[in-house]
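Notes for the one structure printed next.
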Amino acid sequence: MATTGSLLALLTLLALTFTTAVKFRHSAIISHLRDTSERDVIPLPANNNSPVTVNIDLSLIKILDVDQERNEIEVLVLQSVNYNNPALAWDITKEGFHSSSVAVSSWNLWRPDITIYNAVSRPEFVGYPLTVVDSNGAVFFIPKVRVRVWCDLQDVDSGSGANCSLKFGSWTQSGQTLSLSNGENGISMEWYLATPNYEVLATSATKHSKAYECCPDEAYEDLEFSFIVRKQGQPV
Ligand SMILES: *[C@@H]1O[C@H](CO)[C@@H](O)[C@H](O)[C@H]1NC(C)=O
């Protein structure tokens, strides 16, 4: 009994020490986010019937593999997915809330079910995908992703090159609930790492909205990020 008692006392003491030790400067904000957010609840704007807008930006980092026989190209991209959830906002003038943003592992934040439609394998997160939340309720999920997609590579060794794309869209939500945007940003080449065998000639991004026969009122949106890739040294 005595042993159990002292063990309990020791554990309590440890727990107290631990609690004190982890009182980092963001803990009030983290607690607030933990209490407010729910991962399965779509943060629709409160006062009207508009959808939540999800911004997707894409940086092409590297062309990893070009497989002409299988019509597959593998790329490394930096994907930035951003939306607003005003319920998460905090007042930075309040005691304990002085930071304008925090980075969290995504335990219970809603993450849009954005899928790469033309992927032929499961996209792989390279590195550790963190989520950043700003004091105004803006949420940014910025994973580096390695993905293999289908692409018609017939012209990759011609002067014009092959037009490959990554097509992003929600797996389950129509445009009435989840709307996509790229803010005219296209594909960023800021962090592009060149390879000796292939070059990227041009990039673009286009948004589509498509209704299926079943449900003509429900259009599904996608963002198509395209890039023209060509084998180096082609006669132009
Ligand atoms: C590549 O394909 C995309 C999507 O079909 C299209 O929007 C874009 O204009 C094409 N680019 C070129 C240079 O043909």
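Some observations on this one:
- Taking region 132-171 as the range and being assigned to a strand (DSSP E or B), within 16 Å of the ligand (Cβ to nearest atom) and not β-branched (V, I, T) as the test, the residues that pass are W150, A162, N163, C164, S165, L166, K167, F168, G169.
- S179, sole failed condition from (1) away from the ligand (no atom under 14 Å from the Cβ); (2) closer than 30 Å to V52 by Cα; (3) surrounded by fewer than 17 Cβ atoms within 10 Å (Cβ to Cβ): (3)
- Breaking point among (1) under 19 Å from T131 (Cβ atoms); (2) part of a loop (DSSP other than H, G, I, E, B); (3) at pLDDT 75 or above, for Y83: (2)
- Condition check for S174: away from the ligand (no atom under 16 Å from the Cβ) and part of a loop (DSSP other than H, G, I, E, B): yes
- Pick from region 202-236, criterion farther than 14 Å from L166 by Cα and among the aromatic types (F, W, Y), ranking: least open to solvent (accessible area, probe 1.4 Å): Y220
- Tally of residues being closer than 23 Å to P45 by Cβ and either open to solvent by 30 Å² or more (accessible area, probe 1.4 Å) or not in a strand (DSSP E or B) (or both) across region 104-131: 8
- So S174, is it farther than 15 Å from L58 by Cα, modelled with pLDDT of 95 or more and under 22 Å from the mean Cα position of the chain (by Cα): no
- Restricting L58, L76 to residues that are more than 18 Å from F140 (Cβ to Cβ), under 14 Å from the mean Cα position of the chain (by Cα) and assigned to a strand (DSSP E or B) narrows the list to L76.
The values are calculated or read from the model by the stated rules, or taken from the named source; none is laboratory data. Everything numeric here is computed off the predicted structure, so don't read it as measured data. Counting neighbours? That spans all protein chains shown, and the Cβs are built from the backbone with ideal geometry, glycine included. Quick note on the areas: whole protein, heavy atoms, side chains included, nothing else; ligands and nucleic acids left out. Shrake-Rupley method; radii C 1.70, N 1.55, O 1.52, S 1.80 Å.
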